[in-house]
Structures are given as structure tokens and as C-alpha cells.
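What follows is a set of notes on a single structure, which appears directly below.
Read-outs throughout are calculated quantities, based only on the coordinates presented, and are distinct from any laboratory measurement. Predicted model only: the values in this text are computed from it and were never measured. Counting neighbours? That spans all protein chains shown, and the Cβs are built from the backbone with ideal geometry, glycine included.
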Amino acid sequence: MVGKLISVANMKGGVGKTTTVIMLAEALAAGGARVLIVDLDPQASVSVCLAGEALLGDLIAKGRTLEAYLALKLIIREKPQLQARIRAGVSITTHRGSPLALSLLPAGPHLRLVEREILYTLSARNLSMKEIDAKLRRLFASEFRPLARAYDYILFDCAPGLSPMTEVAIRGADLVLVTSIPDYLSTYGLDAFVQTLWAWDEEENLQSRRPPYILVTRFQQQVRQHRHILARLEAEAEAGDAGFRLLATRVPQAASLAEALMPRAVLPTFVGKYGPYISTVLSPLVDEVKGIFHAA
């Protein structure tokens, strides 16, 4: 079976994208799935969390990162191998005595500069923005989507905002999860985000695609604003013309979940790392994600 592509995104930063990617990836892997994480964020948070500073620095120096591949492919016009930049066995978290089956296509801090240079270079070759967009979509379809033959799930940790590769990954994914804290500023741009990426497109009927699913993160039941914003999201998601759906799982504000991303001297176990959140957050989230695909 061909694996599923999941993009985790939001226009706003600091809303739990990377935490969600790692939690979901490790939960899927703990269930026996082969998982690849693709880092599209120039902050490289997911890369440094999984690979560690020393290994990531070595991969950057040797050109074994996403931005190195993109530069060679689109700017220099060589024929680099994407598969050669995927690092297998990056997780130090174990489950039932074995490391989780996680692989990583890392990014470094120069990703955004490379993306900008790609736009400059292709524009100088007299390509219009529409043609550049089409070229990036073809690259995604020919190089990234085939990776799903080797993995059960590919998770894209998208950059905040709409960088070129983030937009392509969102448009090309089988499922888009939009993480959001239930507060005024975090949800302010949700409608614009949805309308921008799910509007009518002349070349593909994006309106026929599965709508994005909002995942509420850092939820605090005792905070009145969180309860009110959540109620509003629930009402909007149930409307007939809703541009998004709302997952039932709520990721709480919890220090232990934030610490799950921190480096550790002792190799952690999946159960020791997430404890009670496995049954209250991770398992329900995995079930919801799988349910979306099974219902298709």
C-alpha cells in the first residue's frame, strides 16, 4: 500500500507544529508504522530535536539536507538524489525494546534563503510565477510523493507562513493538520489561511480536496478565552459551508509534552516519555487521523 502524506501547518508560529509532528510521528511508529519526517521549516526545530546538534551540523556540512538538494536541483540544475539525504533511524526513543522506525529528511537554517534564490533564479530564466509554481508542484509529485512507497506516513513540518515548499506540500498532501492555540491571535488568520490555499485553482480543482483539520493545541480548560474560542471553532466547523473540520482531540498545555522534545542523557522509552498522554492525547489523535483516511 502507498503511504499517506500529512502536512502540519499554520500561518502563525509558536502554535505547536513541531511538537505535534514529533508526537504524531512517534505515536504512529509505536503502532508499527514506518514514518518519515520532512523538515520544511528553516528554524530546523524538528531536525535538531531528532538528529541532535552535532549530527545535524555534520549533515548540513556534507550537503545532506533539503535545501542542499533544492539548490542543486533547481538552481545549479544537477541531478541530486533525494533519497540519499534521508537519515534513517534518527529516533533515540524506544518502544518494546527497539528504537522507533523514524526517518528524517532534515533542513538547515539556509532553507529560506535557498527558496528565495530559487524564485530569483527561475524568474531570471523568464519563468512566470505561475510557471514556477507548476514546476515546484511537478517536483513534489515526481520526487516527494514516490517516497510514500517506502513509508506508511510522511509528515511535513511546514514553515510558518507560506514559503514556496510549504505551499506545495500543503497542496500536495493527503491531509493537512492546522495546529492552533484556542486564543484570539492564534485563530485570527485561520479563515484567510484556508481561503488562500483552498480557493479555486485553474489547473486543479482544489475545492474538491479534503478540507484541513484544525488540531487545538496548548489547551487550558481553566482559561475562559480558550473555552470561548473552542466553542466558536466547534460552531464554525459544524456549519454547512465550513472551510475546515475540527479534530476532537485536544492537546493540553503540559510541561511534560514540551519536555518530550528536549535532548536527554538517558535513552527514553515511548511510554516513559509520554506517560498518561498516550491514552488521552496520542492514541485518540492517531485514531482520528487513521479514521479520516479510512472514511475516504
Taking neighbour Cβ counts within 10 Å as the exposure measure, how do Met165, Met129 sort from fewest upward?
Met129, Met165
Compute the separation of the alpha-carbon centres of the range 122-194 and the range 17-43 and state it in Å as a whole number.
16
Would you kindly calculate the mean projected area, averaged across all directions, of the convex hull enclosing the Cα atoms of the range 4-289, in square nanometres?
15.0
To check you understand DSSP bridge types, tell me what percent of the beta bridges within the range 4-289 (both residues inside) are antiparallel, rounded to 5.
10
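Given only helices, namely DSSP H runs of n ≥ 4 each adding -39500 (n - 2.57), what is the per-residue ellipticity at 222 nm of the chain, to the nearest 500 deg cm²/dmol?
For the chain, the value works out to -11500 deg cm²/dmol.
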Rounded to whole Å, give me the distance from the Cα center of the range 90-109 to that of the range 237-273.
17
Return the ratio Rg/(2.2 N^0.38 Å) for the range 59-210, where Rg is computed over Cα atoms only.
1.15
Amide H proximity to Lys12 below 5 Å, modelled H, separation 5+ or other chain, gives Gly161
From Cα coordinates alone, what are the radius of gyration and Dmax values for the range 23-123 in angstrom?
14.7, 52
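Could you order peptides 231-244, 168-181, 280-293, 11-24 by the average number of other Cβ atoms within 10 Å of their residues, highest first? Don't skip to the end; give the middle numbers.
Numbers: 231-244: 12.6, 168-181: 23.3, 280-293: 17.0, 11-24: 21.6.
Result, highest mean first: 168-181, 11-24, 280-293, 231-244.
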Loop-resident chymotrypsin sites (Phe, Trp or Tyr not before Pro) in the range 141-198 with no more than 15 other Cβ atoms inside 10 Å, DSSP not H/G/I/E/B, are Tyr188
Past 29 Å, Cα to Cα: identify those pairs from Lys135/Lys290; Lys62/Lys130; Lys17/Lys79; Lys79/Lys290; Lys4/Lys73, in the order given.
Lys135/Lys290; Lys62/Lys130; Lys17/Lys79; Lys79/Lys290
